[in-house]
Amino acid sequence: MRKTILMLLGFLVLMAVSVPKAEAEEEQILAPDARSAILIEPTTLEVIFEKNADEKLAPASLTKIMTLILVYEALEKGLITKETYLTASESVRGIEGTKIYLEVGEKMKVEDLLKSVAIGSANDAAVVFAEALGGSVANFARMMNRKAENIGCKNTSFKNPNGLPAEGHYTTARDVALMASYLVNNYPDVLNYTKIYEDYVRENTEKRFWLVNTNKLVKFVEGVDGLKTGWTPEAGHCLCATMKKNGMRFIAVVMNCSNNERRNSEALQLLNYATSNYNVVPLFKKNEVVKTFEDVSFYPKYYNIVLTEDVNVLNRKGEPLKKVTTELNIDYDNLSYDNKKVGTMKVYYDGKLLKEVNLAVKEDLKRASYFNILCEVLKEIFLVASIKA
């Protein structure tokens, strides 16, 4: 009997040691060539896979993800429009690497410069944006670093807007994924450019220039619509790729790969792994009503408090969802400010804080006049009287 028990215990120990988790076993073979890699879901910022994700590396043109963020931020603020013409300065003279061969004094529309950066990874176009928005490349780099810090990047230092080699210019796969997530979450219009495989600038001129996307996955893989490649001898072959499939988007970053083929195949391998093994489950939707108020001192007297963004959870396929609870914190003194932050909702998943979302008033609230308040009070009086009668 004792012998049987010992054999059984030995078998159980052997099983525990020799059968690792399936997902750990699967992930061991992901991104073998990349020096650093990460796979992320952008709406939750949940990391599915990572490899040396916090190692500081030269990013080459992955840098332009931050440049695009600042360009779109300027468009959002109305500092520029897509029809605005920007002028190339002396700084474009002699710029190395990929470029659209801007001449000193040449004027080009923001949209064409945007296409040149997003599709063709043009280093000279990035410098034109830097000088137009920052006054100088050095000041624009400071803006880039400040924005990177604001969105949670902890190991990034930019010295220029294009990623050409410079001392102290570095980032990490994790920070690139955060920047990419911020860009696609806040400015999805950029995907209308990064998904284009080929286009032209200077149309209908003798200097018509052919743009070819350096991200070949957008041409050959359905669902891939961005985002940015990079290469220098120091950085190796880098790629931040994003795919949308079955309503879900994932972002993969691979850095310092040995060649183009490996960076493409390893990024695609990561994206396919995510879409095959994970679901993005919506818990709450943007503009969903979380509370309704009635207050005759406002017009309209019925108004709704809504969420300002979606709340999703990343769930491995086949696994049950866990318990979701919420905690509302509403600032009742600020309810009269339309579409301004009036509180937060904390969402807990399996007892752990998943996300804290800002709340806003859906309606255009105004202070009701004394006449409107009197009318509402009289309505209530007559309603109560009619019920009693």
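The values are calculated or read from the model by the stated rules, or taken from the named source; none is laboratory data. What you see is a predicted model, and the numbers here were worked out from it, not measured in a lab. Because the Cβ atoms are built from the backbone with ideal geometry, glycine has one as well, and the counts that use them run over all protein chains shown. For accessibility, only protein heavy atoms count, side chains too; no ligands or nucleic acids. Shrake-Rupley method; radii C 1.70, N 1.55, O 1.52, S 1.80 Å.
Quick look at the numbers
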quantity	calculated
Candidate set from segment 172-212 (those that are touching a helix residue (DSSP H, G or I) at 6+ places or on another chain (Cβ under 7 Å) and assigned to a loop (DSSP other than H, G, I, E, B)); member that is most open to solvent (accessible area, probe 1.4 Å)	K195
Top-ranked residue of segment 216-234 - restricted to ones that are charged (D, E, K, R) and assigned to a loop (DSSP other than H, G, I, E, B), ranked as nearest to R262 (Cα to Cα)	K216
Test: L178 is under 27 Å from E76 (Cβ atoms), of a type in the set (A, V, I, L, M) and out of contact with any Asp or Glu (no Cβ under 6 Å at 6 or more places or on another chain)	yes
Selection from segment 236-248 of residues that are in contact (Cβ under 8 Å) with a residue 60 or more places away in the chain and surrounded by fewer than 24 Cβ atoms within 10 Å (Cβ to Cβ)	G236, M248
Whichever residue in segment 235-272 is outside any strand (DSSP E or B) and basic (K, R) and, among such residues, is nearest to the chain's Cα centre (by Cα)	R263
From R142, R146, residue being under 28 Å from A252 (Cβ atoms) and open to solvent by 10 Å² or more (accessible area, probe 1.4 Å)	R146
Lone unmet requirement of (1) under 28 Å from K51 (Cβ atoms); (2) modelled with pLDDT of 95 or more; (3) open to solvent by less than 20 Å² (accessible area, probe 1.4 Å) for G226	(2)
Flag if V221 is in contact with an Asp or Glu (Cβ under 8 Å, 6 or more places away or on another chain), open to solvent by 10 Å² or more (accessible area, probe 1.4 Å) and either in contact (Cβ under 8 Å) with a residue 24 or more places away in the chain or of a type in the set (S, T, N, Q) (or both)	no
Pairs where the first residue, in segment 77-106, is within 22 Å of T229 (Cα to Cα) and the second is of a type in the set (V, I, T) and exposed (fewer than 12 other Cβ atoms within 10 Å of the Cβ), C-beta under 8 Å, 6+ apart	V92/V104
Residue in segment 276-286 that is open to solvent by 60 Å² or more (accessible area, probe 1.4 Å), over 29 Å from G223 (Cβ atoms) and at pLDDT below 95 present	no
Any chance V71 is touching a helix residue (DSSP H, G or I) at 6+ places or on another chain (Cβ under 7 Å) and open to solvent by less than 10 Å² (accessible area, probe 1.4 Å)	yes
Qualifying position, being under 16 Å from N192 (Cα atoms) and touching a strand residue (DSSP E or B) at 6+ places or on another chain (Cβ under 7 Å), among I100, I119	I119
Residues satisfying the stated conditions in segment 343-361, i.e. at pLDDT below 90 and more than 25 Å from the chain's Cα centre (by Cα)	V361
Residues within segment 249-266 that are free of Cβ contacts under 8 Å to residues at least 60 places away in the same chain and either among the basic types (K, R) or in contact with a strand residue (DSSP E or B) (Cβ under 8 Å, 6 or more places away or on another chain) (or both), tallied	3
